[in-house]
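Colleague: This is the structure I have questions about; it appears just below.
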Ligand code: SD4
């Protein structure tokens, strides 16, 4: 009996070791228990400013806070930083010199909230959360979004900083709208997190493509395009040329691919492959396009893929906070 018990104990320890390495040979349940122990909580976000954003999110996650609160607090860091010229306060304006912001948020219950083409409010993600929690709707745009924000006590501020205004005036000399892949390369912040209770949430916020047409909306505030969360499966968020992400309902696709059993990495690769194929079918040049996805599943495994090199993302878990270069298609 003792021998048998010892054998079971040894086998269990060995299987933990194996499972922690690669979860091969474990039952689905064991994988979940082991990976949850090891990996939860975890937060991922796009671009190098994700490092600082992750820190704010991690402060909440490490105290067993809710993923929703973590992602909101996290993305507020670049939103509030006037030196980050592609998100929130300080973001580059549209071709009319107006800073118009897009943001959305999604929680573990599939509650969603979004604002698009919102002006004068420093933290569009907080307005998106208010849309989610305080209205019967899921998306408000333009003047309506601003009116709602003001009714909720948000303060109207000038978001156009001197540097952005200077760049815009320079741009006006040619007025050519030609986004170049990775030139505006620390743009949208998309953040996805799994909290200690095993719940997923995500947030995405941006000033969009610099010098866009007034009224242009990208993927970032569109649930299913720039962000998607399914608490049974996983979460994904995107950055890059929003038109291309919208074309394939990008983040919903990534989550659905994970539902089919694909790893977060493979799911991101397949979504990028879809964009590559459509770009070729449409006789457009892939070199002009950048799209990057990051994905996280319910087990805390994550992955990322993009069209061209240059995209990176930040990952924070119990082992620390680090910046990872995403693998890419155009080698
Ligand atoms: C948009 N996806 O508005 C955003 C911008 C971005 O790299 O992420 N650019 O299309």
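The values are calculated or read from the model by the stated rules, or taken from the named source; none is laboratory data. Not measured: the values here are computed from a predicted model. Here the Cβ is made from the backbone with ideal geometry for all residues, glycine too, and neighbour counts use every protein chain on show.
Colleague: Just one of (1) modelled with pLDDT under 95; (2) within 19 Å of residue 74 (Cα to Cα) trips up residue 199, so point out which.
Modeller: (1)
Colleague: Among the residues in the range 83-103, are any closer than 21 Å to residue 231 by Cβ and either in contact (Cβ under 8 Å) with a residue 12 or more places away in the chain or surrounded by fewer than 24 Cβ atoms within 10 Å (Cβ to Cβ) (or both)?
Modeller: yes
Colleague: Counting only residues that are more than 16 Å from the ligand (Cβ to nearest atom) and in contact with a helix residue (DSSP H, G or I) (Cβ under 8 Å, 6 or more places away or on another chain), give me the helices (runs of 4 or more DSSP H) lying completely in the range 115-191 with at least 2 of them.
Modeller: Because the criterion is at least 2 residues that are more than 16 Å from the ligand (Cβ to nearest atom) and in contact with a helix residue (DSSP H, G or I) (Cβ under 8 Å, 6 or more places away or on another chain), the helices (runs of 4 or more DSSP H) in the range 115-191 that meet it are 124-134, 142-151.
Colleague: Test residue 226 against the stated conditions and say whether it is within 16 Å of the ligand (Cβ to nearest atom), crowded, with 19+ Cβ neighbours inside 10 Å and within 30 Å of residue 141 (Cα to Cα).
Modeller: It is true that residue 226 is within 16 Å of the ligand (Cβ to nearest atom), crowded, with 19+ Cβ neighbours inside 10 Å and within 30 Å of residue 141 (Cα to Cα).
Colleague: Residues that are at pLDDT 95 or above, crowded, with 18+ Cβ neighbours inside 10 Å and more than 12 Å from the ligand (Cβ to nearest atom): does the range 205-219 have at least one?
Modeller: So far as the range 205-219 goes, no, none of its residues is at pLDDT 95 or above, crowded, with 18+ Cβ neighbours inside 10 Å and more than 12 Å from the ligand (Cβ to nearest atom).
Colleague: Is one or more of the residues making up the range 58-79 more than 30 Å from residue 147 (Cβ to Cβ), crowded, with 24+ Cβ neighbours inside 10 Å, at pLDDT 95 or above and touching a helix residue (DSSP H, G or I) at 6+ places or on another chain (Cβ under 8 Å)?
Modeller: yes
Colleague: Continuing with this model, one more query. Filter the range 300-331 down to residues that are more than 16 Å from the ligand (Cβ to nearest atom) and crowded, with 22+ Cβ neighbours inside 10 Å and give me whichever is nearest to residue 241 (Cα to Cα).
Modeller: Taking the candidates together, the pick is 303.
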